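Asks: Mind having a look at this structure? Questions to follow.
What follows is calculated from the coordinates using simple rules that are stated; it is not laboratory data. Predicted model only: the values in this text are computed from it and were never measured. Cβ: placed from backbone, ideal geometry, glycine included. Neighbour counts: every protein chain shown.
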Ligand code: F6P
């Protein structure tokens, strides 16, 4: 009997439980495997905290938000243990051996793909299932979590229109997405935002102010702006790119540490960016400007039908791959099918929005501005 471990890592996301359930039911029911679930992601794996998962544990979780296994954002090779940063990869390998695991399933986003790839390099039989509301995982058309978050953010933009038009205000909705603009772009289009600001297209506040003033002159004296949390104006974006380049080019560990610290301070200076945009736009347009941060609401609650479907498709396909002994892959979604993609091609490979993406062209056609 094959014995498999499963965990969820990184930010919680709708569809995680659908994937756990899909994998588990196929692994236990179809393939006759034994399944254990590690608590709290990579941390529980390093600390050897787990529970047996059987049919009963997997029942009734399809529609539940978050993850029944718990999660954390730890890195296997750099984990804070007793106040010290330690490489826990050897401990994790030992734990998997002691628990007689034939395979380990890691469900998570980009950070989890990196962790999974490290564990693969250390000799474990790993499978990665792609989840994130950010939709920024390479080689998969969509990750589960994205569709639900897209729906929530779209509804929020719809609702913000009420106050915007009633009070003649500029309302700026800050939308998650990490370094990628998928969520802000998708919900901005679907929610009819007048302006969409994403990390892939650095903006100029003057140009945004001009389009708001033009709208006001034509009688529409309100605007709704969807701003991705990673969006920056031209100057801030250039500073950030320079800081990233410095980290990449650092040739000694000391230089790398200093460059990373510099990058962190640049990023810290960009915090509250949506509020900065609001202040600048209010000054430039004379219209009251307010910010709504959608935050964790975007990740919460029951997954929509798409995410339940995708979690189930990729989860069950993952169990088939374990049964075949096909490891070291992300189970990607490509043209509606579950396709194994080598983990080394996914790990560390962020999928941002190409500036010639059809969604951007469509948005421009309907008159949406990008502040460029
Ligand atoms: O990756 C999902 C995500 O929600 C991002 O959109 C956001 O940048 C990040 O997680 C927030 O992280 P945390 O849960 O650690 O606050």
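Asks: Provide the descending list of Cα extents for region 1-157 along its principal axes, expressed in whole angstroms.
Replies: In descending order, the Cα extents are 48, 38, 29 Å.
Asks: Could you order the peptides 74-84, 122-132, 24-34 from most to least packed, using the average number of other C-beta atoms within 10 Å per residue?
Replies: 122-132, 24-34, 74-84
Asks: Would region 328-372 count as rounded, prolate or oblate if I go by the C-alpha gyration tensor, calling it rounded below 1.5 in a/c and otherwise prolate when a/b exceeds b/c, oblate otherwise?
Replies: Oblate shape, in that a/c is at least 1.5 and b/c is the bigger or equal ratio.
Asks: Summarise the long-distance tail of P(r) for region 241-362 by giving the % of C-alpha pairs beyond 22 Å.
Replies: Considering region 241-362, 68 percent of its Cα-Cα pairs are separated by more than 22 Å.
Asks: Taking the number of other C-beta atoms within 10 Å as the exposure measure, put 3, 120 in order starting with the fewest.
Replies: 3, 120
Asks: One quarter of the convex hull surface, Cα atoms only: what value does that give for region 183-277 in nm²?
Replies: Projected over every direction and averaged, the Cα hull of region 183-277 covers 6.7 nm².
Asks: With an 8 Å Cα cut-off and a minimum separation of 6 or more residues, compute the relative contact order for region 61-219 in percent.
Replies: Reported relative contact order: 13 percent.
Asks: Here is a follow-up. Could you please rank 106, 96, placing first whichever residue has the fewest other Cβ atoms within 10 Å of its Cβ?
Replies: 96, 106
Asks: How do 197-209, 281-293 rank on mean C-beta neighbours within 10 Å, highest first?
Replies: 197-209, 281-293
Asks: Remind me, relative contact order of the chain in percent, using alpha carbon pairs under 8 angstrom and six or more residues apart?
Replies: 24
Asks: Based on DSSP H runs of at least 4 residues, each adding -39500 (n - 2.57), what is the mean residue ellipticity at 222 nm of the chain after dividing by all its residues, to the nearest 500 deg cm²/dmol?
Replies: Per the formula, -13500 deg cm²/dmol.
Asks: Next question. Taking the number of other C-beta atoms within 10 Å as the exposure measure, put 236, 134 in order starting with the fewest.
Replies: Lowest count first: 236, 134.
Asks: I've got another one for you. Using a/c under 1.5 as the rounded threshold, could you call region 78-237 rounded, prolate or oblate? The axes a ≥ b ≥ c are square roots of the C-alpha gyration tensor eigenvalues, and prolate needs a/b larger than b/c, oblate otherwise.
Replies: Note, shape of region 78-237 comes out prolate.
Asks: Can you pull the Rg over Rh of the chain, Cα-only, Kirkwood?
Replies: With Rh from the inverse mean 1/r over Cα pairs, Rg/Rh is 1.02.
Asks: Distance between the C-alpha centers of region 277-312 and region 195-260? Whole Å please.
Replies: 17
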